[in-house]
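Asker: I am attaching a structure below and will ask some questions about it afterwards.
Every number in this text was worked out from the coordinates using simple rules, so none of it is lab data. Note that this is a predicted model, so its numbers are computed, not measured. Counting neighbours? That spans all protein chains shown, and the Cβs are built from the backbone with ideal geometry, glycine included.
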Ligand code: IFM
């Protein structure tokens, strides 16, 4: 395939969201609170005091949103299920009304000819489970697989692409090492424990799927190529540590059955010994890997950046997004090629890719012009196409995000959507990036031109 050709036949074109970021009505119909509900309602945790109480009101407007997806020609929609809607206390009685929301969503998607891709965990642990230790409690793997089984049984006829966890690295790093995301702990002792329990929960979910699920199941990780800023041994070592911490900490156990050695250096005494039986469990075979890609890092040794000692060298000539991330489309190519080189021919999806750029709070015309996002999308899709041309088994691409939504601790200010949301009126307006993406989908990539 030449780099100006279309994507392979059957390539899945989608867009993604997650429950707490878009749904709103977090306690409706018998749902229990999640850690994000609790975190967002704690003063000072989320910018501007924003919460997911209303968010995009997708819980009540999902039919309109599915109509928008159809208008754009999406072949798939990646969403997440809120655990505490389904099991308000995390374990125990099932809340059928909570499940009904997802039954209705899946039916509407099927009806529109859009394939549902469901993520079981996108950061919103039931608060009742956090009260029992959350991701630090070794029982969490069992709690997760019980919940997963409920979801597989209730939605398995409509959903054939499942994901256990979204970005376990962020859960442990933001939630347990740095405390900037729920549940807001900051402890190098807790982070490796949370990471192991996430991996064990993932594996238990896969095991439950093999007994009770239909279709395919995979894991979604966020990858960031780490390039040393210089040939200095200190910078080279820092880039290796950063790569081990972010990229290999989750994938080595899943694909190779081991943890990267560098993590002992990163965590020192806080790095626990691993039971070989746990490592064997974590290696449960998956059907695909989802890669979320946003940026890369040029790394220098920074002893004050405890515990990874990763300094990031700003690339002053590059464009940066509103979240401060360098735009580097080639990093997507590198991430995909790296997975193939290190772990073999795993079927891959880009499950998230996108950018927050400044868009106005209210649309003033029939469409919101977002030229930077149009260019971002074009360049990253070209990079994905080059990866396919070079033999990467990439089966689909999901833009992050379908809608502007609650960007976690940043609140509603950081807009990633292809579709603009006016958070005062909840009105949806297509951005020019949505139109450009619809063209890509319609032409299976040919509209990207050569490159
Ligand atoms: O909004 C998040 C999403 O929930 C997980 N991946 C990264 C996105 C942008 O920060």
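Asker: If I stretch the segment between residue 364 and residue 47 completely, what's the gain in nm (0.36 nm per residue apart, minus their alpha carbon distance), one decimal?
Answerer: Between residue 364 and residue 47, full extension yields an extra 111.6 nm.
Asker: What does the extension gain come out to for residue 94 and residue 189, with contour length at 0.36 nm per residue minus their alpha carbon separation? Don't jump to the answer; show the numbers that get you there.
Answerer: Working: separation 95, 0.36 × 95 = 34.20 nm, distance 3.38 nm.
So the extension gain works out to 30.8 nm.
Asker: Rank the residues 437, 294 as a footprinting-exposure proxy: fewest other Cβ atoms within 10 Å of their Cβ go first.
Answerer: Values: 437 26, 294 23.
So the ranking, lowest neighbour count to highest, is 294, 437.
Asker: Just the Cα atoms of the stretch 293-403: what Rg and Dmax do they give in Å?
Answerer: 16.3, 51
Asker: Taking only the alpha-carbon positions of the stretch 342-451 and ignoring solvent, what does the Debye formula give for the base-10 log of I(q)/I(0) at q = 0.17, 0.22, 0.23 Å⁻¹?
Answerer: For the requested q values the scattering log ratios are -0.82, -1.16, -1.23.
Asker: Pairs of Cα atoms under 8 Å, at least six residues apart: use those to get the relative contact order of the stretch 195-292, whole percent.
Answerer: 41
Asker: Suppose a student asked you for the relative contact order of the chain, using Cα pairs under 8 Å spaced at least 6 residues apart; what percent would you report? Can you show the working numbers first?
Answerer: On the way: 964 pairs, mean separation 82.4, N = 451.
About 18 percent, as a whole number.
Asker: With a/c under 1.5 counting as rounded, go ahead and sort the stretch 274-356 into rounded, prolate or oblate using the C-alpha gyration tensor (a ≥ b ≥ c being the square roots of the eigenvalues; past the cut-off, prolate if a/b is larger than b/c, else oblate).
Answerer: oblate
Asker: For the residue pair residue 323 and residue 447, what label-to-label distance in nm results when each label sits 7 Å from Cα along the Cα-to-beta-carbon direction?
Answerer: Those two pseudo-labels are separated by 2.5 nm.
Asker: Would you please put 237-245, 94-102 in order of how densely packed they are, using the mean number of other Cβ atoms within 10 angstrom per residue and starting with the highest? Write out the running numbers ahead of the final one.
Answerer: Details: 237-245: 21.7, 94-102: 18.1.
In decreasing order of mean packing, 237-245, 94-102 become 237-245, 94-102.
Asker: Just want the ordering: 23, 322, 407, from fewest to most Cβ atoms lying within 10 Å of their own Cβ.
Answerer: Numbers: 23 30, 322 17, 407 20.
Neighbour counts put them in this order, fewest first: 322, 407, 23.
Asker: With N set to the number of residues, divide the alpha-carbon radius of gyration of the stretch 154-289 by 2.2 N^0.38 Å and report two decimals. Could you put the intermediate results ahead of the total?
Answerer: Values: Rg = 16.1 Å, N = 136, 2.2 N^0.38 = 14.2 Å.
Output field value: 1.13.
Asker: Determine the percent antiparallel among the DSSP beta bridges restricted to the stretch 322-437, to the nearest 5. Don't skip to the end; give the middle numbers.
Answerer: Values: 3 of 8 bridges.
Restricted to the stretch 322-437, the bridges split so that about 40 percent are antiparallel.
Asker: In deg cm²/dmol and to the nearest 500, what is the mean residue ellipticity at 222 nm of the chain if only DSSP H runs of at least 4 residues count, each as -39500 (n - 2.57), divided by the residue total?
Answerer: On the way: 15 runs with 161 residues, N = 451.
After summing the helix terms and dividing by residue count, I get -10500 deg cm²/dmol.
Asker: Below 8 Å, C-alpha to C-alpha, sequence gap of six or more: please give me the relative contact order for the stretch 244-300 in percent. Write down the numbers at each step before the final one.
Answerer: Details: 33 pairs, mean separation 18.9, N = 57.
Normalised by residue count, the contact order of the stretch 244-300 is 33 percent.
Asker: For the stretch 82-130, what log10 I(q)/I(0) values come out of the Debye formula at q = 0.21, 0.29 1/Å, with one point per alpha carbon and no solvent?
Answerer: The Debye formula, applied to the Cα set alone, gives -0.75, -1.05.
Asker: Measuring from centroid to centroid over Cα atoms, what is the spacing of the stretch 4-48 and the stretch 388-410 in Å?
Answerer: When both Cα centres are located, 14 Å separates them.
Asker: Diagonalise the Cα gyration tensor of the stretch 75-198 and give the resulting equivalent ellipsoid semi-axes, square root of 5 times each eigenvalue, largest first, whole Å.
Answerer: Numbers: eigenvalues 154, 50, 24 Å².
Each semi-axis is the square root of five times an eigenvalue, giving 28, 16, 11 Å.
Asker: Taking a point 7 angstrom from the Cα of residue 153 along the C-beta vector, which residues in the stretch 194-226 have backbone N less than 17 Å away?
Answerer: 205-214
Asker: Hey, another quick one. Kindly state, to the nearest 0.05, the FRET efficiency for residue 29 paired with residue 390, given R0 = 60 Å and r defined as their beta-carbon distance. If you can, show how the numbers build up before the last one.
Answerer: Values: r = 48 Å, r/R0 = 0.80.
Efficiency, from the Cβ-Cβ distance: 0.80.
Asker: Roughly speaking, what is the stretch gain from residue 216 to residue 264, that is 0.36 nm per residue apart minus the C-alpha to C-alpha distance, in nm to one decimal? Write down the numbers at each step before the final one.
Answerer: Details: separation 48, 0.36 × 48 = 17.28 nm, distance 3.39 nm.
Once the chain is fully extended between residue 216 and residue 264, it gains 13.9 nm.
Asker: Can you put 157, 48 in order of Cβ neighbours within 10 angstrom, beginning with the fewest? Before the final figure, lay out each step's value.
Answerer: Working: 157 12, 48 9.
Ranked by crowding around the Cβ, least crowded first: 48, 157.
Asker: Rounded to the nearest 0.05, what FRET efficiency do residue 315 and residue 273 have when you use their Cβ-Cβ distance and R0 = 51 Å?
Answerer: Values: r = 39 Å, r/R0 = 0.76.
For residue 315 and residue 273, the calculated efficiency is 0.85.
Asker: Right, another one. In the chain, what % of DSSP beta bridges are antiparallel (nearest 5)? Could the numbers behind the result be given before it?
Answerer: Working: 8 of 48 bridges.
About 15 percent, rounded to the nearest 5.
Asker: Using only the Cα atoms, work out Rg/Rh for the chain, with Rh taken as the Kirkwood radius, to two decimals. Display every interim value, and only then the final one.
Answerer: Details: Rg = 20.6 Å, Rh = 22.0 Å.
That ratio equals 0.94.
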